[in-house]
Amino acid sequence: MRRDGSKTPYRWLYLTVVFIRMIKGVYDEEIIKKISDLRHETGYHYETMDSCKGDVDEAYQLFCKNLEKLREIVPVKTICMHGSPLSKYDNRDIWAKYDYKELGIIGEPYFDVDYDKVLYLTDTGRGWNNRDASIRDRVNQGFDLRVKTTFDLLEKIKEGKLPERVIINTHPQRWGEEFFPWVKELIFQRVKNTIKWVIVKLR
């Protein structure tokens, strides 16, 4: 039962944020404009510490350049780091020296969300909160809720077992409907997960 007595467990109020990477093969201005026209929030999925091999000043300059380029197409008020799991550089380290809020950015989910109040779910590693396959896409949160499969997640939603506030982080290539791209992603992700599992165990 929903809190107002109706039969559905949730009254949905949601915001879709699509974070854009600025790399070849992904960055497409026409698609970005279509996303914005659908009234989705568009953010910058930055990875400049990785691109600049850990040089924080160069990384910041590249970040500003990319942000300006993206803002020429769509409004950008939010950012989110790209995990770059096989890189030794953490893209968030740029903010140990600089302040993204001085650039008109209102939020970065790894810094500006209270995860004691917001449940975080991510499909990184082709599983929900798969900690063995996630190097950086993880948060310390005040919820002990295990999700085994997407069907399990849907059941928990129907039964009203999720908290009032949830962030669901998904990657579109994992949800394709075409068979061969899906199989390619499956094989690639399993190989990558093995490498990431080794990295996690060695840390």
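Any read-out appearing in this document is the output of simple, stated calculations on the displayed coordinates, not a laboratory observation. Only a predicted model underlies this, so the values are computations on that prediction, with no experimental measurement involved.
Sequence-ordered 3J(HN,Hα) estimates for region 147-160 from the Karplus curve with 6.51, -1.76 and 1.60 and θ = phi - 60° stand at 10, 7, 9, 5, 5, 4, 4, 4, 5, 5, 5, 4, 8, x Hz, glycine and proline given as x. Taking amide hydrogens as placed 1.01 Å from N in the peptide plane, the amide H of residue 169 sits under 5 Å from those of 121, 122, 123, each at least 5 positions away in sequence or on another chain. Normalised by 2.2 N^0.38 Å, where N is the number of residues, the C-alpha radius of gyration of region 15-61 stands at 1.35. Return the long-range amide H neighbours of residue 19 (sequence gap of 5 or more, or a different chain), with a cut-off of under 5 Å between placed amide H atoms. It is 43, by chain and number. Classify region 86-168 from the C-alpha gyration tensor, please: rounded if a/c falls under 1.5, else prolate or oblate depending on whether a/b exceeds b/c. Oblate.
Pairs of Cα atoms nearer than 8 Å and 6+ residues apart set the relative contact order; for region 93-141 it is 28 percent. In order along region 172-181, the phi-based Karplus estimate (6.51 cos²θ - 1.76 cosθ + 1.60, θ = phi - 60°) of 3J(HN,Hα) comes to x, 5, 7, 10, x, 9, 7, 5, 5, x Hz; Gly and Pro are listed as x. Across region 1-112, the mean sequence separation of Cα contacts (distance under 8 Å, 6 or more residues apart), normalised by length, yields a relative contact order of 24 percent.
The 3J(HN,Hα) values that the Karplus relation (6.51, -1.76, 1.60; θ = phi - 60°) gives for region 80-89 are, in residue order, 8, 5, 8, x, 6, x, 9, 9, 7, 9 Hz. Gly and Pro appear as x. In terms of distances greater than 26 angstrom between alpha carbons, the cross-link table entries 24/148; 33/77; 88/117; 24/77; 65/101; 101/148 yield 24/148; 88/117; 101/148.
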